[in-house]
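Asks: Dumping the structure here so I can ask a few things about it.
The values are calculated or read from the model by the stated rules, or taken from the named source; none is laboratory data. The model shown is predicted, which means the values in this text are computed figures rather than measured ones. As a convention, Cβ positions derive from the backbone with ideal geometry for all residues, glycine included, and neighbour counts pool all protein chains shown.
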């Protein structure tokens, strides 16, 4: 649990700061390598998106000068950067990583992109060997938590952009969008975006009408659609089920009488007008017609706003999941913490046993195979009996908060060296053997 | 025994009824599944009940209560067919209360109100009953769909974003359910009236067009036809369709109530 995290996000830092810290994708592997080479850092990875830059590490002794790393790497003055930085350690760092992956820390809470970005960052760091045991465990858990949040809460289920709300509404009216036709009136960025969304959901074809015919042709070509002369607007518009309108006209261009005409020609099949023009292109009395649904920019924005509020509500239950998962993760990592201590303990006693047997053998000369077996069984039996209680205590303490104390006590009692952690288990073992030799000599003298 | 099974069915439909009320205010995936299973179980009991009635003899079969029971069963069948096609339980909001009411009335007790007149063509009579009730069931469903259409239309027009997540399927899907039930019901209704006329002719040798039952049945059929026609010809839906559907259902109810006044279509007591 010696995680340490430092970073900036959309809340802590203005865009200018985030821009300076942003790391291009192709440089990410190098940053990860530099990070692991930095003093006090064992493992490290970097997440860099347009809304956040974060350095996540597992340190050697719980603290590393991550600020120093950032200052060095980006060549920025401390007083320029530091006010915008946040820093988390241990449990707080775990919670932050979980929240980021679950998209609770995002600008648009619940957006799905961030998880993919975190996964990419993780894969990059892993590929260069900067992520191993500890961060590996942290992030595989974070991905599982993110998935849990997504399935158990509705935090990412409602649409929160104008274009996706338009699609959602169209689906409420038409069911499937397969085979539906879209009419763009007035070529603009917004209408193009909405049209793109609708086409992605299966709409069949697109018509484009614009005051300047050339622009209509240009946009129609993008979608493989058909450009319509503005004069023919009213005579062709009924062919469309969904009309996206965003002209600069000072007055409404679709009025009640047009709606009546359209409906008559369409045998009353419903029509959906998405009016993103200001002032509005569709007159309000159109909405009074049965079978015509109009949503202007304010209506759409209202839906978006309420969805955002819904997401906030859902985010609360998501936070509860995260809190529980952080506790679980912490408990589990403690369970892992005692394993190296147990291994050291076993190694330690085994070395003593071997040394003692050798000593006895030297004094008694050649032993018969039966004697060998008997001594082996006797010594092993004693050791196992002696070790039983400490090991059980260690294992059960692992799930409690006092784990570290128990581990410390055991280490001090048996004079075990090294830090209690997984990746260092191997080196722990060797240190113990070196340690054991002089102790044995003490034993012989006695 | 048939009554006992029917009461079991009623208990199951009750869950459906509760669902119908709950679904109006909020949507629950789990509850709609429970309601669906309860309704399916209810249909099994109901079917057993109907089979027993049928096996018990021709005369009982033509009682008012058994008629209501049969109508309820056919409505449920339509509901299930729609569920199979569209994967939506929302017509249940209308169908469940109607079915519950019909089953409830039928399950109150034995009340064998019988056709006193001797009927010579039993086959025709059975055909008449089944056809006309299938027509009724389709009508009930179409009526339900038109109400749901209005509800969904209002939700969409009100632009209240909170009501966007709802149990209702898309407007066009509701429309299709209503229209298809309408189309399907029409031939049944027509053939039902024809077979009924045949029974009347063979029994009495004439048809009294001034008899309230006959008059109202004809009126219902005409409105039904107008409804199908306006829909087919100019795509009437929404308010106008709901208005026509309501009118047809009222006519149908009146025609049903006329049983008690009719001299020809007699369930005389």
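Asks: What are the residues in the stretch A:226-248 that are farther than 20 Å from residue A:296 by Cα and in a loop (DSSP other than H, G, I, E, B), if any?
Replies: Correct list: A:229 only.
Asks: Shifting gears a bit: Residue A:91 versus (1) modelled with pLDDT of 90 or more; (2) in contact with a helix residue (DSSP H, G or I) (Cβ under 8 Å, 6 or more places away or on another chain); (3) in a helix (DSSP H, G or I): which is the lone unmet condition?
Replies: It is condition (1) that residue A:91 fails.
Asks: Next up: Filter the stretch A:295-308 for residues that are touching a residue at least 24 places away in the same chain (Cβ under 8 Å) and assigned to a helix (DSSP H, G or I); which is nearest to the chain's Cα centre (by Cα)?
Replies: Step by step, filter the stretch A:295-308, then rank; the result is A:308.
Asks: Restricting attention to the stretch B:243-251, does a residue exist that is more than 28 Å from residue A:154 (Cβ to Cβ) and within 14 Å of another protein chain (Cβ to nearest Cβ)?
Replies: The answer is yes, given that some residue of the stretch B:243-251 is more than 28 Å from residue A:154 (Cβ to Cβ) and within 14 Å of another protein chain (Cβ to nearest Cβ).
Asks: Inside the stretch A:163-178, can you point out the residues that are more than 11 Å from every other protein chain (Cβ to nearest Cβ) and part of a loop (DSSP other than H, G, I, E, B)?
Replies: A:178 - this is the single residue of the stretch A:163-178 that is more than 11 Å from every other protein chain (Cβ to nearest Cβ) and part of a loop (DSSP other than H, G, I, E, B).
Asks: Of the numbered conditions (1) within 14 Å of chain A (Cβ to nearest Cβ); (2) more than 16 Å from residue B:140 (Cα to Cα); (3) touching a residue at least 40 places away in the same chain (Cβ under 8 Å), residue B:233 satisfies every one except a single condition; which is it?
Replies: Result: residue B:233 fails condition (3) only.
Asks: Looking at residue B:184 and the list (1) modelled with pLDDT of 85 or more; (2) surrounded by fewer than 20 Cβ atoms within 10 Å (Cβ to Cβ); (3) within 14 Å of chain A (Cβ to nearest Cβ), which single condition is not satisfied?
Replies: Of the numbered conditions (1) modelled with pLDDT of 85 or more; (2) surrounded by fewer than 20 Cβ atoms within 10 Å (Cβ to Cβ); (3) within 14 Å of chain A (Cβ to nearest Cβ), the odd one out for residue B:184 is (3).
Asks: I would also like to ask the following. On the basis of being buried (at least 17 other Cβ atoms within 10 Å of the Cβ) and at pLDDT below 85, does residue A:51 make the cut?
Replies: yes
Asks: I'd like the residue in the stretch A:231-246 that is crowded, with 21+ Cβ neighbours inside 10 Å and closer than 19 Å to residue A:212 by Cα and, out of all such residues, is farthest from the other protein chains (Cβ to nearest Cβ).
Replies: A:246
Asks: Consider residue A:67 carefully, then state whether it is touching a helix residue (DSSP H, G or I) at 6+ places or on another chain (Cβ under 7 Å) and at pLDDT below 90.
Replies: yes
Asks: Out of A:227, A:204, A:194, A:130, report the one residue that is without any contact (Cβ under 8 Å) to a residue 60 or more places away in the chain, surrounded by 17 or more Cβ atoms within 10 Å (Cβ to Cβ) and more than 14 Å from chain B (Cβ to nearest Cβ).
Replies: A:227 is the lone residue from the list that is without any contact (Cβ under 8 Å) to a residue 60 or more places away in the chain, surrounded by 17 or more Cβ atoms within 10 Å (Cβ to Cβ) and more than 14 Å from chain B (Cβ to nearest Cβ).
Asks: Tell me, please, whether a residue that is surrounded by fewer than 24 Cβ atoms within 10 Å (Cβ to Cβ), within 14 Å of chain B (Cβ to nearest Cβ) and in contact with a helix residue (DSSP H, G or I) (Cβ under 6 Å, 6 or more places away or on another chain) can be found in the stretch A:111-124.
Replies: no
Asks: Please work out if residue A:239 is out of contact with any helix residue (DSSP H, G or I) (no Cβ under 8 Å at 6 or more places or on another chain), in contact (Cβ under 8 Å) with a residue 24 or more places away in the chain and on the phi < 0 side of the Ramachandran plot.
Replies: The answer is yes for residue A:239.
Asks: Would you be able to tell me the number of residues in the stretch A:105-118 that are modelled with pLDDT of 85 or more and more than 9 Å from the chain's Cα centre (by Cα)?
Replies: The total comes to 1.
Residue-wise test of (1) farther than 22 Å from residue A:198 by Cβ; (2) more than 14 Å from chain B (Cβ to nearest Cβ); (3) assigned to a helix (DSSP H, G or I).
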| site | (1), (2), (3) |
| --- | --- |
| A:250 | yes, yes, no |
| A:264 | yes, no, yes |
| A:293 | no, no, no |
| A:310 | yes, no, yes |
| A:316 | yes, yes, yes |
| A:319 | yes, yes, yes |
| A:333 | yes, yes, yes |
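Asks: Say we look at the stretch A:281-291 and pick out the residues that are more than 20 Å from residue B:149 (Cβ to Cβ) and in contact with a helix residue (DSSP H, G or I) (Cβ under 9 Å, 6 or more places away or on another chain); which of these is farthest from the other protein chains (Cβ to nearest Cβ)?
Replies: Checking each candidate, the answer is A:283.
Asks: To continue, here is another question. Residues that are in contact with a helix residue (DSSP H, G or I) (Cβ under 6 Å, 6 or more places away or on another chain) and either surrounded by 15 or more Cβ atoms within 10 Å (Cβ to Cβ) or modelled with pLDDT of 75 or more (or both): which helices (runs of 4 or more DSSP H) entirely in the stretch B:52-135 hold 3 or more of them?
Replies: B:64-86, B:92-107
Asks: Among the residues that make up the stretch A:297-317, is at least one of them at pLDDT below 90 and under 30 Å from residue A:398 (Cα atoms)?
Replies: yes
Asks: Please pick out the residue among B:156, B:151, B:215, B:193 that is more than 10 Å from chain A (Cβ to nearest Cβ) and under 30 Å from residue A:306 (Cβ atoms).
Replies: B:151
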